[in-house]
Structure formats: C-alpha cells, structure tokens
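Right, one structure below, let's go through it.
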Amino acid sequence: MSRGPQRARPARVRAHWVVLLAVLIAVGVALTVQGYIHHLAGIGDDSVPAEGSAGTVPDAVSHGGPVVDARGGTVRTVAPPDRTLALTFDDGPDPEWTPQILDVLEKHHVHATFFVVGSAAIDYPEIVKRIVADGDEIGVHTLTHADLGSAPAWRQQLEVQGDQQVIAGITGHAATLLRPPYSSENDAVRDGTWAAMRAAANQGYLTVLTTKDSEDWQRPGVATIVKNLSPTGPRGQVLLMHDGGGDRDQSVAALDASLTAFANQGFKVTTAGEAVGITSMRDATAAEQLSGAAFVWGIRLSDWVVTGISWALLASGVVTFIRAVLVIGFAARHRRAARRAQAAGRGRRRITTPIRPEITEPVTVIVPAYNESAGIEAAVRSIVASNHPVEIIVVDDGSTDGTADLVEALGLPGVRVVRKHNGGKPSALNAGLELASHELVVMVDGDTVFEPDTVRALIQPFADPRVGAVSGNTKVANRGGILGAWQHIEYVVGFNLDRRLFDVAECMPTVPGAIGAFRRDALFWVGGVSDDTLAEDTDLTMALCRDGWRVVYQDDARAWTEAPATLGALWKQRYRWCYGTLQAMWKHRGAVFQGGQAGKLGRRGLGYLLVLQVLLPLFAPVVDIFAIYGLIFLDPVRIGALWLVFLAVQLLMAGYAFRLDKESLRPLWTLPLQQFVYRQLMYLVVIQSVVTALAGVHLRWHRMERYGSLRVPPAAQGQA
C-alpha cells in the first residue's frame, strides 16, 4: 500500500481528550448523584427503631423530653406544656397526600411541623412552598431518608446538610429542627442514633423525637390511628404521623377526626417549635439561598441527564437490535440469491440480474506499492497463480526498500513494474489505470494475497451492465493471538455482513482497497481515484454510486490481508479509515437529496454509516459509565442479564456470519473479552476522528507496519 505525499506534521489535537474526560466525569457525577438520591436509600417504614446498644445514650435523653438540645456539649430536653400537642408529619412531601393533609389543617385552623425528605422536596417544590405559605413549620428529615444511626460520618453530614440546602433553595428559609429517620420515642434511641444527634447538634440542630406514634404507616384503620393519637391525660405530647411513604388515605381521615376530638377536649394543636417556645425557622442568608438553589438545580440537572441517557440507551438498544435483524435478514436474502444464481449455472450473481454468459475476458490487476518488500512477493505470486487471465501492473510509489527491484527479480510472466516518485496511493492507482490494457480492472493492496479463483469470482457480476464496481471478501491472514482473533471477528461480522446488507439495499459505500474490481471507463468518467480524502476507496465507491453505477458484493472472491499486530498499529489504521470515511461522507453529503443510485447511497448508505458508525460509537462511553451506575445503584442481576442478552445477540449474529463465510467458530470465545478492550479502542478512534474533523486538522497518512506473514495460498486452499 502506498502512502500520501509528505506533509507538515499538524499540531496534535489534545484538548478534546480533556473535554471527553470532563464530559465523562460530569456524566459520572450526574449518575452518582441520581443514583444516590433515588436508589441508595428510600422512604419506607419510618417507625422501626434502630437496633443496637444504648450504652452511650445519656439518661437525660432516654428518660427526658422529646425535644433534645445537645448543643455545646450539654444535654437538655424539653416537652410541650400540658394540654399542648405538637403535631408532626414525616416522609413528605407527597403529591397526593400532603395537599390533602394541608387542607385538613387549614380546615381546623391549626399548624403542624413537616419533616421533609430532601429528594421528595426537589420533586415537589410547590408543595414545600405551600407548607411555608400556610404558616406550617419545616424540619430536616435527611436528604434520602437514610438511617443516620448506621451511616458513616460523611454520609450523616451529606444527609443533614443536603436536606437543609434543599429547604433553603426552595423556601428561602433554614430549619433548626431535625428528626432522624427510623427514630421514635426517647427510650428507643441507640448509640448510633445518639452519635448522629450529637453531630447534628454541633451544626446547630435540635432533635425532635415523639411521644405518640400513630403507627399510620401500618394502615391499621382510621379508628386505631385515632386511638393511638389520643392523649390519656393533660400532659403535652409530640404526635407522629406520615404524609408520605405510601398510601395515606387513613392518615388524612384520622387527622380530621383527631383534630375535632382534640378541640373538643381543649387541647392546643401546634408546631413543635411553638410547642416548646422556640423559633425553629429563620431566613436563610443570601449565600445559603444561592448554595441551596445550586444544589437543587444540580440534582434536577442530574435527573434530566439520566432521563436523557435512559431514553438514548433505549434508542440505541432498539437501533442495535434492528441492525442485527436487518443484517441477518439481508445476509440471508443475499445468500439465497447467490445460491439461485449458482443453481442456474451462471455463477453467483444477484437474482435480479438476467442470466448472462460467464465473464472470461482478461483483467488488469493494479498493485500500488510503497515499501512493501515484506509482502509484495507473496501478493504478486498469488495473483500470477490466478486461474483467470490477468495483466499485473505493480506501481512502485517511490519505495526506498527495494520493492520494485524485488518484483522485477521474480521474473514472473505478465507482471509489469512501473516506478514513479512518491505521490500517494491515489496517484499510483491512476498511473496504473492509464497503463491498463483491459476494460475490467482489479485493485489490490501490496499486503494482500489472492486465492487462485479470486479474480474469476470477483469479476462475474460485471455480466450485469449496470454494475460498475465489485467488492470482494477480505479475510485476516494473521489471525493468531487475541488481537488477531478480534479483528478476524470484525472482518467477518462487522464488514462482510454489512456489505451483504449494502448489496441488497443497493447502497454500497466502500469497495475495500484490499480487493475491488471496477470498469475502467466508469473510473475515468468520475475522474479516476481522488486524493481528497484518506479513504480513497470509500470516496471512489461513493463517486461511482452517485454517477449511477451499481456496486455489489461477491462473497466468494476472497483476499487475505495482514491486520495490525499491536494496539498502536491498529489505532493508526482505524484512525485513518474512520477519518477518511468521515471526509468521504461529508464530500458526498449531497447524495441525500439526489435520486436513483445516488439517493440510495445518500439516504440508506450514509444514514447507516452516520447512525451505526458515528453516532452510536460517540455515545458508547456513556453506555459504559451507565453500566457501572447500574451495577452499583440498580439491580446488578438485571444489568448482568441485559448484558448477557446483548452478548447473546452478538454471538448469534457472529455465528451466522461465520457460517456464511464457512469459518470455524472457535475464535468466537474471544467475543465477550472484545467488549472490554477492543470496543473501547474502536469508539475512541471514532471520537478522535470526529473531533479532528470538526477541528479542521488535516490528518497525515499512517502507514501500517508489515510483518511478512502472507503466504501464497495453494490451489486447494479454502477457509482457514
């Protein structure tokens, strides 16, 4: 393979990797926040006391009043005065039940304290604002309803201060009352909860426990809830009810009945702060409001990001599944067409092609070569061994390793060597075209060998006068090792299944440089091989399609080529391929608006390439981040099952592709591993190529290292 003219090395583009890393970190943070807020904890049974010892809990707390003040290291407790009931609600706000409870409170002209969960408050900020507007009191019930008694110190801080920031961001007020989730009466406080209460006290919080638990979370019936709330004497109480965390219709009914009963009994019902004579809410400072608003909007943004990613993942999953169905369906159709054509005794042609005589005319084979001494002998000898008459033109494009001398020394019949100054692969191919003696031209890279029947099989579709070019079946020769196996799988599954689909859909975007046949007149008509892009084969194929020619795929015309043996070499090769393909897509974007073969290329071929080979790989890093998120915050079994389903689809598709190409299934054991290295390399190549293209940086030619692993296949050789 020749290289392009030497150009000044462009400045390396590095900023996009920083941008990519920043985007992935931002997505990771959004997923972490969303997972923490919505999946790490949740509103549940708020009346289950924490288990454990109470050895460090002071007696003043265990047997004192329900409002505990541990600020300054001194423990003080207080209870509401006689005939005063502090009415409190936990676990809200809830979009259905909290407004109904507020309506009941308004009906009876009383106020209550609502210990809100920050995650729920973010979802329903208007309800929180109404609580304050109605004159009710708000307290902290943590950000996600986490058990503070069993949480580490960092999480205790996050849960309490996070909820405070939510309250400040939504209402403009700061709360001083705290109720730990899963707390109840004083004697139920355990060491872990007490440690959390002391830590909160150091931040200025008073802890409000309870003396009367309605147990409405158990839904025991309205009468039972009313009974549980009823005081047995004049002593003041802190009443616990719930406005969130489940169905609270019994709570609403019981509240209405209880408030009527309390009024009849002469009890004053009020907030916890008023009941003990403190101001429990203050105006938040400007800094607190700004910080709180940023915190709230940050969490909302993370929710939107995750929602968007979820929909995009669903769309990508649907597209991937549709692609699998399409390629298998079209490959099966392509196979049936080839079999029917073969059964008709006229070789493998599409069934839409009329039966025509076998093509027997001689063919010119052009081999562009730049420093191909490692494999040129095997390549030329394999073509000479063809069972079809060929003229071979080896165009040495300024090699410095004696490539031309080596070919001349072979002394093979029908082989002509042309020497020229280095001008790039397109110029070498055009030079060969000018010297070609025959109408049908085969182009082959200098690192590729043919089977004896390759040329004959490759040119048979030209019996159809509508066909202007034919793509052959490229096989990986050096498929040993895991990297070779991965590329072998990609060639068989990714490339050749797609080419069958493109053939049937009449939108072939690429005839590979390793093996392609063309009508010489068609090439001259489109101006020969262009050097506008680094993917001259794709550019040329698209130009032929836009000129009205059919481009087809001949799966039994096999060529064996060397694949990169290192990740670095693979990166360079695929970077050039991808960048060149993007260039060709942009150059031929006008095909989208054309009719005939050009329109089929534009709307089918370019659309397929854009979605499957550009957009999906660009989204792939987010998929990987989301998979980690799912394993941590969602059901790992379900995530693992989805991954296995995805892998099973890939294995089925790969198995079918290998069967079509008569390949051994043994390399498919490496397919699961391909998801953890090879896939990431491929999508990073796409990202690098897209950013390079958008930045307007001209990519120089990357020549692949040759390994000398090619051998001339014997006449009887089939598939390896």
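The values are calculated or read from the model by the stated rules, or taken from the named source; none is laboratory data. Here the structure is a predicted model, which is why all the values come from computation and not from measurement. Glycine also receives a Cβ, built like all others from the backbone with ideal geometry; neighbour counts cover every protein chain displayed.
On the given criteria, is THR260 among the hydroxyl-bearing types (Ser, Thr, Tyr), more than 39 Å from the chain's Cα centre (by Cα) and either at pLDDT 95 or above or not assigned by TED's automatic domain parsing to the domain that holds GLN165 (or both)? Break it down into steps so the answer makes sense when it comes.
Working: among the hydroxyl-bearing types (Ser, Thr, Tyr): yes; more than 39 Å from the chain's Cα centre (by Cα): yes; either at pLDDT 95 or above or not assigned by TED's automatic domain parsing to the domain that holds GLN165 (or both): yes.
It is true that THR260 is among the hydroxyl-bearing types (Ser, Thr, Tyr), more than 39 Å from the chain's Cα centre (by Cα) and either at pLDDT 95 or above or not assigned by TED's automatic domain parsing to the domain that holds GLN165 (or both).
Assess whether PHE89 counts as being hydrophobic (A, V, I, L, M, F, W, C), touching a Gly at 6+ places or on another chain (Cβ under 7 Å) and under 26 Å from GLY244 (Cβ atoms). It would help to see each step written out before you state the result.
On the way: hydrophobic (A, V, I, L, M, F, W, C): yes; touching a Gly at 6+ places or on another chain (Cβ under 7 Å): no; under 26 Å from GLY244 (Cβ atoms): yes.
Judged against the criteria, PHE89 is not a match.
List, please: which pairs have Cβ atoms under 8 Å, are six or more places apart or on different chains, and start with a residue in segment 219-237 that is farther than 11 Å from SER251 by Cβ and end with one that is among the aromatic types (Phe, Trp, Tyr)?
Close Cβ pairs (under 8 Å, with a partner that is among the aromatic types (Phe, Trp, Tyr)) amount to PRO231/PHE267.
Inside segment 95-154, can you point out the residues that are acidic (Asp, Glu) and surrounded by fewer than 19 Cβ atoms within 10 Å (Cβ to Cβ)? Spell out how you get there, then give the answer.
Applying the first criterion (acidic (Asp, Glu)) to segment 95-154 yields 96, 103, 106, 123, 126, 134, 136-137, 147.
Listed by number, the residues that qualify are GLU96, ASP103, GLU106, ASP123, GLU126, ASP134.
Of these, LEU681, LEU671, LEU665, LEU647, which one is crowded, with 17+ Cβ neighbours inside 10 Å, modelled with pLDDT of 85 or more and among the hydrophobic types (A, V, I, L, M, F, W, C)? Break it down stepwise before answering.
Numbers: LEU681 fails: crowded, with 17+ Cβ neighbours inside 10 Å; LEU665 fails: crowded, with 17+ Cβ neighbours inside 10 Å; LEU647 fails: crowded, with 17+ Cβ neighbours inside 10 Å.
Exactly one of LEU681, LEU671, LEU665, LEU647 is crowded, with 17+ Cβ neighbours inside 10 Å, modelled with pLDDT of 85 or more and among the hydrophobic types (A, V, I, L, M, F, W, C), namely LEU671.
Note down all Cβ pairs under 9 Å where the first residue falls in segment 180-199 and is at positive phi, the second is surrounded by fewer than 19 Cβ atoms within 10 Å (Cβ to Cβ) and part of a loop (DSSP other than H, G, I, E, B), and they're at least six residues apart or on different chains.
Once the first residue is at positive phi and sits in segment 180-199, its partners that are surrounded by fewer than 19 Cβ atoms within 10 Å (Cβ to Cβ) and part of a loop (DSSP other than H, G, I, E, B) give TYR182/GLY44; TYR182/ASP45; TYR182/VAL48; TYR182/PRO49.
Go through segment 112-149 and report how many residues are small (Gly, Ala, Ser) and within 35 Å of the chain's Cα centre (by Cα). Reasoning before the result, please.
Let us first name the residues in segment 112-149 that are small (Gly, Ala, Ser), namely 112, 118-121, 133, 135, 139, 146, 149.
Going one step further and asking which of them are within 35 Å of the chain's Cα centre (by Cα), we end up with 118-121, 146.
Qualifying residue count, segment 112-149: 5.
State which residue is modelled with the highest pLDDT when the search covers only segment 144-176 and only residues that are outside any helix (DSSP H, G or I) and among the hydroxyl-bearing types (Ser, Thr, Tyr).
Step one: list which residues in segment 144-176 are outside any helix (DSSP H, G or I), which gives 144-147, 151-152, 172-176.
Now restrict to residues that are among the hydroxyl-bearing types (Ser, Thr, Tyr): 144, 176.
Working: THR144: 93, THR176: 96.
Selected residue: THR176.
Test ALA477 against the criterion of being assigned by TED's automatic domain parsing to the domain that holds ILE376, surrounded by fewer than 23 Cβ atoms within 10 Å (Cβ to Cβ) and either closer than 18 Å to ILE383 by Cα or modelled with pLDDT of 95 or more (or both), and give yes or no. Let's see the steps before the verdict.
Working: assigned by TED's automatic domain parsing to the domain that holds ILE376: yes; surrounded by fewer than 23 Cβ atoms within 10 Å (Cβ to Cβ): no; either closer than 18 Å to ILE383 by Cα or modelled with pLDDT of 95 or more (or both): yes.
In short, no.
Which of (1) surrounded by fewer than 19 Cβ atoms within 10 Å (Cβ to Cβ); (2) in a loop (DSSP other than H, G, I, E, B); (3) more than 46 Å from the chain's Cα centre (by Cα) is the odd one out, the single condition ALA253 does not satisfy?
Unmet condition: (2).
From ASP531, ASP556, ASP539, grab the single residue that is touching a helix residue (DSSP H, G or I) at 6+ places or on another chain (Cβ under 6 Å), of a type in the set (D, E, K, R) and either modelled with pLDDT of 95 or more or not assigned by TED's automatic domain parsing to the domain that holds HIS334 (or both). So that I can check it myself, show each step before the final result.
Details: ASP531 fails: either modelled with pLDDT of 95 or more or not assigned by TED's automatic domain parsing to the domain that holds HIS334 (or both); ASP556 fails: either modelled with pLDDT of 95 or more or not assigned by TED's automatic domain parsing to the domain that holds HIS334 (or both).
Residue meeting the stated conditions: ASP539.
Keeping to segment 239-257, report how many residues are out of contact with any helix residue (DSSP H, G or I) (no Cβ under 7 Å at 6 or more places or on another chain) and either outside the structural domain of GLU215 (by TED's automatic domain parsing) or more than 12 Å from THR98 (Cα to Cα) (or both). Before the answer, list the steps.
Initially, segment 239-257 is screened for residues out of contact with any helix residue (DSSP H, G or I) (no Cβ under 7 Å at 6 or more places or on another chain), giving 240, 247, 249.
Restricting the remaining residues to those that are either outside the structural domain of GLU215 (by TED's automatic domain parsing) or more than 12 Å from THR98 (Cα to Cα) (or both) gives 240.
Residues meeting the conditions: 1.
Regarding GLY472, is this residue within 35 Å of the chain's Cα centre (by Cα), of a type in the set (Gly, Ala, Ser) and under 24 Å from ARG333 (Cα atoms)? Full working, then the answer.
Details: within 35 Å of the chain's Cα centre (by Cα): yes; of a type in the set (Gly, Ala, Ser): yes; under 24 Å from ARG333 (Cα atoms): yes.
It is true that GLY472 is within 35 Å of the chain's Cα centre (by Cα), of a type in the set (Gly, Ala, Ser) and under 24 Å from ARG333 (Cα atoms).
Does segment 251-299 hold any residues that are within 26 Å of GLY162 (Cβ to Cβ), of a type in the set (Gly, Ala, Ser) and touching a residue at least 24 places away in the same chain (Cβ under 8 Å), and which are they?
ALA272, GLY273, SER280, ALA284, SER291, GLY292, ALA293, ALA294, GLY298
Check whether at least one residue in segment 533-543 is surrounded by 24 or more Cβ atoms within 10 Å (Cβ to Cβ) and closer than 19 Å to ALA457 by Cα, and report yes or no.
The answer is no, given that none of the residues of segment 533-543 is surrounded by 24 or more Cβ atoms within 10 Å (Cβ to Cβ) and closer than 19 Å to ALA457 by Cα.
Could you list, in sequence order, all residues of segment 685-705 that are in contact with a helix residue (DSSP H, G or I) (Cβ under 7 Å, 6 or more places away or on another chain) and at pLDDT 70 or above?
VAL685, VAL686, ILE687, GLN688, SER689, VAL690, VAL691, THR692, ALA693
Restricting to segment 177-221, what's the tally of residues that are β-branched (Val, Ile, Thr) and either out of contact with any Ser or Thr (no Cβ under 9 Å at 6 or more places or on another chain) or assigned to a loop (DSSP other than H, G, I, E, B) (or both)?
The total comes to 3.
Restricting attention to segment 597-613, which residues are over 13 Å from VAL319 (Cα atoms) and among the polar types (S, T, N, Q)?
Taking segment 597-613 and keeping what is over 13 Å from VAL319 (Cα atoms), we get 597-606.
Residue satisfying the conditions is GLN597 alone.
Looking at VAL529 and the list (1) outside any strand (DSSP E or B); (2) within 30 Å of LEU665 (Cα to Cα); (3) in contact (Cβ under 8 Å) with a residue 60 or more places away in the chain, which single condition is not satisfied?
So the condition that VAL529 fails would be (2).
On the basis of being within 29 Å of SER386 (Cβ to Cβ), under 31 Å from the mean Cα position of the chain (by Cα) and among the polar types (S, T, N, Q), does THR566 make the cut?
Numbers: within 29 Å of SER386 (Cβ to Cβ): no; under 31 Å from the mean Cα position of the chain (by Cα): yes; among the polar types (S, T, N, Q): yes.
No, not satisfied.
Name the pairs whose Cβ atoms lie under 9 Å apart, with the first residue in segment 406-422 and more than 17 Å from LEU433 (Cβ to Cβ) and among the charged types (D, E, K, R), the second at pLDDT 95 or above and assigned to a loop (DSSP other than H, G, I, E, B), and 6 or more positions between them or separate chains?
Between residues of segment 406-422 that are more than 17 Å from LEU433 (Cβ to Cβ) and among the charged types (D, E, K, R) and residues that are at pLDDT 95 or above and assigned to a loop (DSSP other than H, G, I, E, B), there is no close pair.
Can you tell me which residue among ALA522, ALA514 is of a type outside the set (S, T, N, Q) and in a loop (DSSP other than H, G, I, E, B)? Spell out the reasoning first.
Numbers: ALA522 fails: in a loop (DSSP other than H, G, I, E, B).
None of the other options fit; the residue is ALA514.
Kindly indicate whether any position in segment 556-575 is closer than 30 Å to GLU377 by Cβ and free of Cβ contacts under 8 Å to residues at least 12 places away in the same chain. Let's see the steps before the verdict.
Keep residues of segment 556-575 that are closer than 30 Å to GLU377 by Cβ, which gives 556-575.
Now drop any that are not free of Cβ contacts under 8 Å to residues at least 12 places away in the same chain, which leaves 568.
Yes, that holds for at least one residue.
Being modelled with pLDDT of 95 or more and either assigned by TED's automatic domain parsing to the domain that holds SER427 or at negative phi (or both) is true for just one of ALA565, ALA598. Which residue is that?
Values: ALA565 fails: modelled with pLDDT of 95 or more.
Exactly one residue qualifies, and that residue is ALA598.
Please determine whether any residue of segment 333-344 is over 43 Å from the mean Cα position of the chain (by Cα), modelled with pLDDT of 85 or more and either surrounded by 19 or more Cβ atoms within 10 Å (Cβ to Cβ) or not hydroxyl-bearing (Ser, Thr, Tyr) (or both).
Checked against the condition, which is being over 43 Å from the mean Cα position of the chain (by Cα), modelled with pLDDT of 85 or more and either surrounded by 19 or more Cβ atoms within 10 Å (Cβ to Cβ) or not hydroxyl-bearing (Ser, Thr, Tyr) (or both), segment 333-344 yields no hits at all.
Within segment 256-276, count every residue that is more than 14 Å from THR113 (Cβ to Cβ) and in a loop (DSSP other than H, G, I, E, B).
Number satisfying all stated conditions: 2.
For segment 71-90, give me each residue that is buried (at least 19 other Cβ atoms within 10 Å of the Cβ) and within 22 Å of ALA199 (Cβ to Cβ).
Correct list: VAL75, THR77, THR88, ASP90.
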